Each structure stands twice: as structure tokens, then as C-alpha cells.
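Here is the structure we will look at, set down as C-alpha cells.
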Amino acid sequence: MVFLQHALMDSSAGWLLLGPKRSLALQLADAGFDVWLGNSRGNRYSRNHTHLDPDVHSEFWDYSWDDLAQYDLPASIRYSLAVSQQSSLVYIGYSQGTMIGLAALASQPQLAVSVSLAVLIAPVAFTTAMTSPAFVLSSRLGFDRFALSQGWGEWGSFQQKNSDAIVPVCRRYPSFCLGYLTAFCGSNPRGNVADGMVPLVVRHLPAGTSVKVMSHWAQSLRRGSKRFLHRFDYGSECSNSSSARLNSAAGGVMRCNMEVYGQAEPPVYDPAAITTPLALFTGTGRMCSACCMQFVLAGYTMCSWFT
């Protein structure tokens with residue numbers, strides 16, 4: 001049994017776009033695996049709620065990737081195991097899917113018992129080597145803080161009309177669209193995205209997330225930690241005006257770290273606490289070796305990498 005979790009601003013469609021014989025999800029299904037595809041809260045396929053309307057209620061968007069790791073991913077894994085009547089599964093995460101998987105495994109031993117192996121594709125735990133010029137610049141300039149202060153809830157919502165408009169452009173000028181993707185998603189040094197795939201990928205992106213998720217990523221980049229994954233930082237002073245503005249985007253509830261966590265600094269996820277074997281995959285051996293070395297330095301030794 002396999003559970004696949006997609007990247008930031010992506011959806012379960014990313015596991016299927018290459019089609020039969022090429023996409024990972026379909027290859028696994030053809031090999032006889034029970035395959036489950038997760039969708040992160042707020043993307044185009046995950047906007048339902050028992051009483052909140054994402055187009056009306058800002059409270060819907062009051063979540064960061066911390067909430068995905070603490071609540072959504074564990075609930076999805078437990079549900080898939082219960083339906084399949086299995087005791088364990090293999091977890092496969094891509095990019096943000098690796099980060100929330102690591103955070104969940106580090107903090108929830110009862111979940112780790114049900115994951116026999118975690119396969120991390122384009123693994124992310126520490127953001128010091130991020131190669132997206134647009135994201136690095138916007139994070140350094142604090143654009144996420146501005147967005148939260150303005151009460152923005154959703155980030156990069158999927159719009160069918162925009163998709164329909166851009167796909168013909170990408171068919172004619174795939175290099176232009178690939179440049180756009182790499183500016184936001186990171187470099188593609190090996191040129192391993194075929195021109196014919198570009199319009200297909202663009203048709204499904206962006207799938208949508210919350211401003212708070214993007215802000216959490218920006219916080220990680222600004223903090224520059226190489227040892228821990230930090231939970232969302234609400235600010236250390238409850239009377240701080242920037243903290244008040246930040247929380248006004250989440251339904252007007254004023255919070256700070258002390259109120260949320262009972263301490264001045266946000267708690268951390270410690271990779272050294274992970275007991276699940278990890279297999280790391282990336283496009284270049286140098287980058288993967290560095291990534292795995294960060295885990296070793298963080299106290300985690302059950303790490304294998306592949307290119």
C-alpha cells in the first residue's frame with residue numbers, strides 16, 4: 001500500500017500527468033499496489049468544509065503547513081489504512097509533501113509505526129539551499145507579512161479561465177513557460193522537462209494554498225535553520241502590532257507564540273526523533289548528498305539517497 005503526497009501549490013494530478021507506463025501512481029497501481037493520492041487542504045480538489053465556505057470565510061485559510069503535518073496528513077493516512085484494512089504503508093512525498101511527512105513522523109510516534117518506509121522526492125526540510133529567485137526575493141522582502149497584514153487568505157487559487165488562456169501560449173513557446181515555472185519552483189539544470197509536458201503541467205498549476213502556508217515557508221527561509229523544522233511563528237510579543245495585523249487575516253483572532261504554544265518561540269520538529277527509514281531521491285548527487293548530510297548532522301542516520 002502506498003500513499004502519495006504532492007508538492008506546494010500542486011495537487012494529486014501531478015502524480016498522473018505523465019500518463020500510463022510513465023506516471024509513478026499508475027506504475028505502482030499496475031504493479032499491484034493499493035495507491036492513495038492525497039490533496040492538501042485548500043487546493044482545487046480540497047476546498048470542502050463542514051461549515052466554512054473558502055470563498056466567503058477567511059477562517060478557512062487560517063492554516064500553515066504545520067496544520068497539514070499535525071492534522072491533515074495523519075488523518076488521511078489513518079483513513080486510507082482503515083479503508084484498505086492494512087496495518088502499514090509506504091509514504092511517498094514530493095517537495096512540501098516531504099516536509100509535512102518529516103514533521104508528522106518526527107512528532108507522532110504512533111503514526112510512524114504505520115509507515116514502513118518514507119520515500120522523499122526532491123526532499124525539503126531546511127530551506128537554506130532554495131533556488132527559486134522569486135520566492136527567495138519575496139521572502140527576504142517580507143511580502144508574506146504584507147499579505148497577511150492585508151487580510152489575504154488564499155494564495156494562487158486555480159482559475160480555469162487563466163489555465164485555458166495560458167496553455168496555447170505554452171504550446172507555442174514552451175521555453176518561456178518553463179522559465180516561468182523554474183523562476184517560482186526552482187532551477188532545472190538537467191533540462192529534464194520535455195517541451196510537450198510544459199503545457200500539460202501549466203494546465204494544472206497553480207492548484208492553490210493559503211497565504212499562511214506561503215508565510216510559513218518564508219519564515220523557514222528567513223530563519224535559516226539547519227537543525228530543526230520550526231512551527232509557525234506568531235511573534236514573541238502579544239502586544240506587538242505586527243502580530244496583531246498578522247492574526248487579523250485569520251478571522252480577527254489576536255494571537256502570539258505565548259498564547260498558542262505557551263512559550264516565546266515556536267516549538268520545533270526534530271528530525272533526530274524520526275525512526276522510520278528514509279529514502280531520498282533528487283536530480284543531482286551533489287544536492288542529495290548535501291541534503292542527506294544535513295539529516296546526519298541533525299542526528300538522523302537512517303538515510304539513503306539515490307539519483
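Summed over the residues of region 40-116 and divided among them, the accessible surface reaches 45 Å² per residue at a probe radius of 1.4 Å. Spin-label pair S163-D30: with each label point 7 Å from Cα along the Cα-Cβ axis, the two points sit 2.5 nm from one another.
Remark: region 135-239 carries 54 Å² of accessible area per residue (probe radius 1.4 Å; ligands, DNA and RNA excluded).
Counting protein heavy atoms only, region 1-145 has 55 percent of its accessible area on carbon and sulfur, 1.4 angstrom probe. Model label points for D55 and S23, set 7 angstrom from Cα along the Cα-to-Cβ axis, are 2.6 nm apart.
Ordering 264-273, 94-103 by mean Cβ neighbour count within 10 Å, with the highest value first, yields 94-103, 264-273. Taken about its Cα centre, region 34-130 carries a charge dipole of roughly 300 debye when the Cβ of each Lys and Arg holds +1 and the Cβ of each Asp and Glu holds -1.
For region 150-234, carbon and sulfur atoms together expose 55% of the accessible surface, with a 1.4 angstrom probe and every protein chain in place.
The values are calculated or read from the model by the stated rules, or taken from the named source; none is laboratory data. Since the model is a prediction, treat every value here as computed from it, not as a measurement. Cβ atoms come from the backbone with ideal geometry, glycine included; neighbour counts cover every protein chain shown. Note: areas computed on protein heavy atoms with side chains; ligands, DNA, RNA excluded. Shrake-Rupley method; radii C 1.70, N 1.55, O 1.52, S 1.80 Å.
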